[in-house]
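Written out below as structure tokens is the structure these notes cover.
The values are calculated or read from the model by the stated rules, or taken from the named source; none is laboratory data. All of these numbers come straight from a predicted model, not from anything done at the bench. Counting neighbours? That spans all protein chains shown, and the Cβs are built from the backbone with ideal geometry, glycine included.
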Amino acid sequence: MNEMRLSIEPLIPALRRYARALVRNSATADDLVQDCLERAVSRWHQRREGELRPWLFAILHNLAVSQFRQLATRGQHVALDAATEGDLEQDAVQEKTLMYQDVLDRLAKLPEDQRSVLLLVAVEELSYAEAAKVLDVPIGTVMSRLSRARERLHREIEGPANSGSTRPVQLRSVT
């Protein structure tokens, strides 16, 4: 049990970061990470040696996709009585916060498959092979989705004035 805790604990911040980028709500993201960790602990015997990080990200990703599907069919419900003051307040209007929110909004406009690949490779620094394993797709699919995501994000950021440029955004170089 101690080995399991020591293996999983350092990966929790990365899992939370990925979950927050996917669902864009810290409470929901924390619940998603908790569900991921519960599933990982209950299925610890099913993991393969040396592949813990991609395995945990795959669990988290699959739980998020299931959650997206449920929300699409049921819709999101928030009880007014359960809403806190924090749920109703607005973000600060400082430039940095606005820029950060703008990037998140543009990232949210990407199709889910492209957004997932971009977050795994560019933010979480998983290799193409690890991202392919997490998403259960071939490496070529990861590469093409990443390329399309970068191009689309670049177009979103540059806007219509610079739409003639086809150079994708360089988020991270892979060697």
(request) Under 8 Å between Cβ atoms, at least 6 apart or on separate chains: pull out the pairs that start in region 98-116 with a residue that is touching a residue at least 60 places away in the same chain (Cβ under 8 Å) and end on any residue that is in a loop (DSSP other than H, G, I, E, B). (result) 104/24; 108/24
(message) Can you pull out every residue in region 23-70 that is surrounded by fewer than 18 Cβ atoms within 10 Å (Cβ to Cβ) and either in contact with a Cys (Cβ under 8 Å, 6 or more places away or on another chain) or hydroxyl-bearing (Ser, Thr, Tyr) (or both)?
(response) 26, 28, 42, 66
(request) Tell me which residues, restricted to region 41-57, are under 24 Å from residue 118 (Cβ atoms) and assigned to a helix (DSSP H, G or I). (result) 52, 53, 54, 55, 56, 57
(request) Tell me which of these residue 3 doesn't satisfy, since it passes every other one: (1) under 17 Å from residue 135 (Cα atoms); (2) in a helix (DSSP H, G or I); (3) at pLDDT below 90; (4) not polar (S, T, N, Q). (result) (1)
(request) Could you grab the pairs with beta carbons closer than 7 Å, sequence gap of 6+ or different chains, first residue in region 142-164 and assigned by TED's automatic domain parsing to the domain that holds residue 108 and part of a helix (DSSP H, G or I), second one modelled with pLDDT of 85 or more and of a type in the set (Gly, Ala, Ser)? (result) 142/131; 142/132
(message) I need every pair where a residue in region 1-29 that is assigned by TED's automatic domain parsing to the domain that holds residue 48 and among the aliphatic types (A, V, I, L, M) has its Cβ under 8 Å from the Cβ of a residue that is surrounded by 13 or more Cβ atoms within 10 Å (Cβ to Cβ) and not in a helix (DSSP H, G or I), sequence separation at least 6 or different chains.
(response) 14/124
(request) Out of 104, 60, 118, 98, report the one residue that is touching a Phe, Trp or Tyr at 6+ places or on another chain (Cβ under 7 Å), modelled with pLDDT of 70 or more and either assigned to a helix (DSSP H, G or I) or farther than 30 Å from residue 39 by Cα (or both). (result) 60
